[in-house]
Amino acid sequence: MKLVLALVRRDLRLSFRQGGGVGTALGFFLTVVVLLPIGIGPDQALLARIAPGALWISLLLSVLLSADRIFQQDYEDGSLDLMTMGPVPFELVALAKSLAHWLSTSLPLALAAPLLGFLVNLEPEAILPLAVSMMLGSIALSLLAAIGAAVTVGLRRGGLLVSILVLPLYVPVLIFGLSASDAGAAPGLTMASLLILAAIALVSLVLSPLASAAALRSYLR
């Protein structure tokens, strides 16, 4: 476990030092949130209706922008080959790198989205359910992104392929995330949507390291 945590800390340091993936994701998210009200116009009622959906879509696309970097650098410099021969199971290596991506990209975006909701006239009572649903959903987003990143790690400019592979997997997260973010929904429906989001995150937590490790091994043979 200490080695896994050390790998997470290493990836976090590299992510914040380089700043490419994190900076691009945050910049894209902020650009969409700022430009959307300008494009739609001054209709505050319309903005309030589409605010949760706009924030969720911005989050999904921003996470995808940095997804191809989860394994790419380690693959190019040979670090992944060394990790396959290390004492840590390769599935835990894939899980650690997914966790580092979540901590450096998905979680900050999920926390920032409700705070930036005033730009799209997000209703105050929707801030808390949106924040909770995005924190749960962001776990699944990073884990599912890791699968796409692992499948395309040996391809040049695999970012587009990552989007094509992962976007269908993001649809359930988007559907139940929006349902949980609806401030006008019944409390029972909101709780049910949050539980389903948590279930998706747990299933992803089990399957993503296995699928990612298998895809990476196929490239490293």
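The values are calculated or read from the model by the stated rules, or taken from the named source; none is laboratory data. Treat the numbers as computed from the prediction; the structure is a model and nothing was measured. Note: ideal-geometry Cβ built from the backbone for every residue, glycine included; neighbour counts use all protein chains shown. For accessibility, only protein heavy atoms count, side chains too; no ligands or nucleic acids. Shrake-Rupley method; radii C 1.70, N 1.55, O 1.52, S 1.80 Å.
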Original post:
Given the conditions (1) closer than 27 Å to SER181 by Cβ; (2) part of a helix (DSSP H, G or I), and given that LEU122 satisfies all but one, which numbered condition is not satisfied?
Top reply: (2)
**OP:** Considering (1) under 22 Å from LEU103 (Cβ atoms); (2) part of a helix (DSSP H, G or I); (3) not acidic (Asp, Glu), say which one VAL153 fails and leave the rest.
**Re:** (2)
Original post:
For segment 136-177, what are the residues that are open to solvent by 30 Å² or more (accessible area, probe 1.4 Å), in contact with a Ser or Thr (Cβ under 9 Å, 6 or more places away or on another chain) and modelled with pLDDT of 90 or more?
Top reply: ILE139, ILE147, LEU169, ILE175, PHE176
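Confirm whether LEU202 is surrounded by fewer than 15 Cβ atoms within 10 Å (Cβ to Cβ) and modelled with pLDDT of 90 or more.
Criteria met by LEU202.
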Subject >> Qualifying position, being among the acidic types (Asp, Glu) and touching a residue at least 12 places away in the same chain (Cβ under 8 Å), among ASP74, ASP43 >> reply: ASP74
**OP:** Take segment 63-74 and flag every residue that is open to solvent by 20 Å² or more (accessible area, probe 1.4 Å) and either of a type in the set (Lys, Arg) or under 13 Å from ALA213 (Cβ atoms) (or both).
**Re:** ARG69
